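The values are calculated or read from the model by the stated rules, or taken from the named source; none is laboratory data. Predicted model, so just to flag it, every value in this text is computed and none were measured. Every residue, glycine among them, receives a Cβ derived from its backbone with ideal geometry; neighbour counts consider all protein chains shown. Surface areas here come from the heavy atoms of the whole protein model, side chains and all, with no ligands, DNA or RNA. Shrake-Rupley method; radii C 1.70, N 1.55, O 1.52, S 1.80 Å.
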Amino acid sequence: MAGRSAGRVALVTGGARGIGAATAARLAEDGAAIAIADLDGAGAEKTAAEIAAAHGVKAIGLKANVAEAAAVEAMITEVVARLGALDILVNNAGITRDNLIYRMTDEDWDSVIDVHLKGAFLCARAAQREMVKRGWGRIVNLSSASALGNRGQTNYSTAKAGLQGMARTLAIELGRYGITANAVAPGFIDTEMTRQTAIRMGRDPEEWKAEVAQNIPVRRAGVPRDVANVIAFLCSDDASFVSGQVIYVAGGPRG
Ligand code: NAP
C-alpha cells in the first residue's frame with residue numbers, strides 16, 4: 001500500500017485542520033507531495049511543515065480564498081511552479097452558517113454557496129487544465145450526509161447536494177483524459193466544525209458527540225482519518241475505474 005501515490009502532487013483546500021489536514025497527511029503517507037491551501041495561511045504552513053517532517057515528502061502551505069477566482073488561479077500557478085505538477089485536487093474547504101429558513105439571511109446563503117460550490121468549481125476548472133496536460137487526474141469533492149436534507153441547513157444541504165452533481169458531471173466530461181471525479185459524503189466527524197456547531201446550540205461538544213453516536217449504526221462518531229482513508233483510495237490508481245460516485249462515510253447508510 002505504501003507509495004501508491006508516489007510521484008503525484010495533491011492540493012487539499014481548507015487543509016490547515018480537520019478533515020483536510022488528515023487527508024493531506026494520508027496522501028503524504030501514500031507518497032504524494034502536498035499543497036495545503038487555506039484562508040488561514042499560517043495554519044496551512046504549519047500543517048504542511050508537520051506533514052513534511054512526518055512523511056518525508058515535499059509539502060507547502062498557501063493562503064488562499066477558494067471563493068475568489070483570481071486567488072484560485074494564483075494558487076494553482078504557485079502549486080505547479082513549486083511542486084512541478086497538479087495531479088490530485090481535494091475540494092475540502094467549507095463553512096457552515098446554519099439557520100432555520102425563516103431566519104436565514106442572504107449573507108448566510110451566499111457565503112456557504114460561494115465557498116462550497118463556487119470554490120469547488122473554480123478549483124476544478126483551474127486544476128483540470130494541469131491534469132488534462134498530463135492525461136491523469138483525481139478530483140474529490142467533500143459532500144456531506146446533509147445533502148440528504150438537514151434541519152437548519154438549507155444553504156449547506158443545497159451546496160453539498162450540488163457538489164455531488166458537480167462530481168458526476170466532471171466524471172463524464174473529464175474521463176477521456178484519465179481524470180476521475182468523485183464525492184465523499186461524511187456523516188458526523190469530530191472536528192472544529194462540529195464542535196463549533198455544538199457550542200452554537202448551547203451544548204457541551206463531548207456530550208453532544210456521545211448523544212449523536214447513539215444514532216450511528218457503528219455507535220461512534222467519525223474521526224477525520226475515517227474520511228481521509230476513503231479519499232486516499234479514490235485518489236490512487238486502485239480507484240481508476242471508480243468515477244462519478246458518491247461514497248457516504250457515515251458509520252451507516254445515512255449520517
Ligand atoms: P473545519 O475544521 O472547519 O475546516 C475547514 C477548513 O476550511 C478551515 O481550515 C477553514 O479555514 C477552511 N476554509 C473555510 N473557508 C475557506 C475558503 N473560502 N478558502 C479556503 N479555506 C477555507 O471543517 P471540517 O469538519 O474539517 O470539514 C471539512 C470539509 O468536510 C468541509 O467541506 C465540510 O463541509 C465537510 N464535512 C464535514 C463534516 C463534519 O462532520 N465535520 C461532515 C460532512 C462534511 P478558517 O478556519 O480560516 O475559516
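Yes or no: the range 176-193 includes at least one residue that is buried (at least 18 other Cβ atoms within 10 Å of the Cβ), more than 15 Å from the ligand (Cβ to nearest atom) and of a type in the set (Asp, Glu). The answer is no, given that none of the residues of the range 176-193 is buried (at least 18 other Cβ atoms within 10 Å of the Cβ), more than 15 Å from the ligand (Cβ to nearest atom) and of a type in the set (Asp, Glu). Residues considered: THR23, THR96, THR105. Of these, the only one that is under 22 Å from ALA167 (Cβ atoms) and surrounded by fewer than 24 Cβ atoms within 10 Å (Cβ to Cβ) is THR96.
Do we find that ALA16 is assigned to a loop (DSSP other than H, G, I, E, B), surrounded by 24 or more Cβ atoms within 10 Å (Cβ to Cβ), within 16 Å of the chain's Cα centre (by Cα) and modelled with pLDDT of 95 or more in this structure? In short, yes. The criterion of at least 1 residues that are within 13 Å of the ligand (Cβ to nearest atom) and either more than 17 Å from GLY20 (Cα to Cα) or of a type in the set (Val, Ile, Thr) (or both) is met, among strands (runs of 3 or more DSSP E) falling completely within the range 44-160, by 88-91, 137-142. Of all residues in the range 225-255, those that are touching a residue at least 40 places away in the same chain (Cβ under 8 Å) and not in a loop (DSSP other than H, G, I, E, B) total 16. With respect to the conditions (1) assigned to a loop (DSSP other than H, G, I, E, B); (2) open to solvent by 10 Å² or more (accessible area, probe 1.4 Å); (3) touching a strand residue (DSSP E or B) at 6+ places or on another chain (Cβ under 8 Å), ALA6 lacks only one, and its number is (3). Determine whether ILE216 is part of a helix (DSSP H, G or I), more than 11 Å from the ligand (Cβ to nearest atom) and hydrophobic (A, V, I, L, M, F, W, C). No; evaluated as a whole, the condition is false for this residue.
Scanning the range 194-208 for residues that are in a helix (DSSP H, G or I), open to solvent by less than 80 Å² (accessible area, probe 1.4 Å) and over 19 Å from GLY94 (Cβ atoms) gives a single hit, TRP208.
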